[in-house]
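Each value in this text was obtained by applying a stated rule to the coordinates, not by laboratory testing. All values derive from a computational prediction rather than experimental measurement. Please note: Cβ atoms are built from the backbone with ideal geometry, for glycine as well, and neighbour counts cover all protein chains shown.
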Amino acid sequence: MAKRVAFAQLSSCWGCDQALVDLHFRLLDVLPDLEVVYWPAVVDYKLSDLKSLPDGSVHLGFVEGSCRTKEDVHILELMREKSRLLVAWGSCSCYGGVQGLANTWPLAQLVQRKFIKTETVTDSRVPEENVPGFVEYIIPNTDRVRFDIILPGCPPTSDNVYDAVVALLTGRPFDLPDTTVCDECPRERKEKRIKEFKRTYQGRPDPEKCLLDQGYLCLGFATIGFCGAQCPKANMPCKGCFGPPPSIRDHGAKIISALGAIADMSPEELENAFPDPVGSFYFTDYAASYIAKVSAGNSGDKGDGEDRR
Ligand code: SF4
Ligand code: SF4
Ligand code: SF4
């Protein structure tokens with residue numbers, strides 16, 4: 001019997017959907033085993049279609065994106081109710097994603113920037129009719145509902161998605177590796193002391209040697225080894241988009257402490273090297289960091305404006 005599967009999109013770029021479509025002909029291996037009951041990115045499903053499904057009737061639910069609006073929260077809770085196995089699909093869903101960086105500004109300021117002050121805005125007004133309203137903070141979906149599988153990546157690779165779907169269909173366990181991108185990277189690493197950090201446009205990196213040893217901020221040492229080290233293999237530093245391996249609790253804190261140990265630089269030099277430390281060290285997972293959780297916790301809400309104390 002085909003397994004009923006639902007794909008939900010919350011606030012996101014929908015790039016994780018692309019990773020699924022990028023399976024191309026390999027989709028044919030799994031499609032006969034799937035009965036798609038909700039996938040608004042591809043078919044004109046309405047929210048009422050999801051609501052009308054009996055609770056627990058969806059075998060596999062995939063949630064892409066994070067909760068920026070109250071409607072996102074509603075869809076996430078519905079997906080949990082309807083799905084027997086729920087997958088946090090992509091770093092937005094697992095950790096809050098790039099949009100979690102917005103937590104460093106007050107919501108009112110974000111709304112002003114988006115709808116009033118952006119240079120390309122011609123009709124300066126904050127929409128109020130027929131819109132769901134924002135939540136105050138992005139928090140990881142995993143802090144809102146229980147997930148059965150975490151599938152990080154921005155986006156996860158097509159291989160990651162394929163392996164997860166096959167594991168779910170066959171009942172095999174699907175565990176994340178406790179390894180790092182460095183473990184998958186073929187470059188020679190000597191763990192030199194770093195005297196200066198360079199941007200990627202500065203100089204031409206040696207394709208054989210570790211990018212970090214050459215002074216490029218490559219975060220492979222603190223990032224889960226799950227993507228095949230695709231950026232360093234293309235001569236680009238890892239930005240950490242898959243988040244940390246399971247044994248590292250706070251991605252950015254680990255990066256900062258490691259940099260403190262390997263950088264032969266004063267605190268001032270390090271500060272000047274990284275004018276955007278939050279964006280540099282928590283590219284897709286700031287919302288999952290201790291500091292973001294403490295900030296949200298101090299406000300006394302769970303990100304949606306309702307007092308939870
Ligand atoms: S995890 Fe990355 S690719 Fe996937 S929806 Fe979020 S921003 Fe897009
Ligand atoms: S280039 Fe990056 S991923 Fe490769 S060994 Fe160096 S730090 Fe690790
Ligand atoms: S190498 Fe790093 S930035 Fe590139 S895809 Fe892998 S985890 Fe993401």
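So the values come out like this:
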| item | result |
| --- | --- |
| Computed helical MRE - 222 nm, the chain, DSSP H runs ≥ 4 contributing -39500 (n - 2.57), nearest 500 | -8000 deg cm²/dmol |
| Rg/Rh (Cα only; Kirkwood hydrodynamic radius) as it applies to the range 172-309 | 1.03 |
| Least to most buried among I138, I150 (fewest other Cβ within 10 Å first) | I150, I138 |
| Peptides 263-272, 240-249, 56-65 ordered by average Cβ neighbours within 10 Å, highest first | 56-65, 240-249, 263-272 |
| Karplus-derived 3J(HN,Hα), 6.51/-1.76/1.60, for each residue of the range 243-258, Hz, glycine and proline x | x, x, x, x, 7, 9, 7, 10, 4, x, 5, 5, 5, 4, 5, 5 |
| Farthest toward positive dipole pole in the chain [+1 Lys/Arg, -1 Asp/Glu at C-beta], among I248, C210, S93 | C210 |
| Most positive-pole-ward Cα, P155, V121, S295, against dipole of the chain from beta carbon charges | S295 |
| Debye, to nearest 20: dipole size of the chain, +1 on Lys, Arg Cβ, -1 on Asp, Glu Cβ | 300 |
| Choice from G153, G220, G228 showing the highest fluctuation, given a GNM over the chain with Cα pairs closer than 10 Å | G228 |
| Mean separation of Cα contacts under 8 Å, 6 or more apart, over the residue count of the chain: relative contact order % | 19 |
| Taking the range 181-273 and dividing mean pair separation by its residue count, relative contact order in percent (alpha carbons under 8 Å, at least six apart) | 32 |
| Mean projected area in nm² (Cα convex hull; one quarter of hull surface) for the range 39-168 | 9.3 |
| ³J(HN,Hα), Karplus 6.51/-1.76/1.60, whole Hz, each residue of the range 34-49, x for Gly, Pro | 10, 10, 6, 10, 6, 7, x, 5, 10, 10, 7, 6, 10, 4, 4, 5 |
| Pairs beyond 30 Å (Cα-Cα), from K82/K293; K3/K239; K192/K293; K117/K293; K82/K114 | K3/K239; K192/K293; K82/K114 |
| Residues whose placed amide H lies under 5 Å from that of G243, excluding near-sequence neighbours | I224 |
| All-pairs Cα distance distribution in the chain, expressed in whole percent, bin size 10 Å | 6, 25, 31, 24, 12, 2, 0 |
| Residues with amide H under 5 Å from that of L34, placed H, sequence gap 5 or more | K3 |
| Helix 158-170 vs. the chain, principal-axis angle (Cα, 0 to 90°, nearest 10) | 50 |
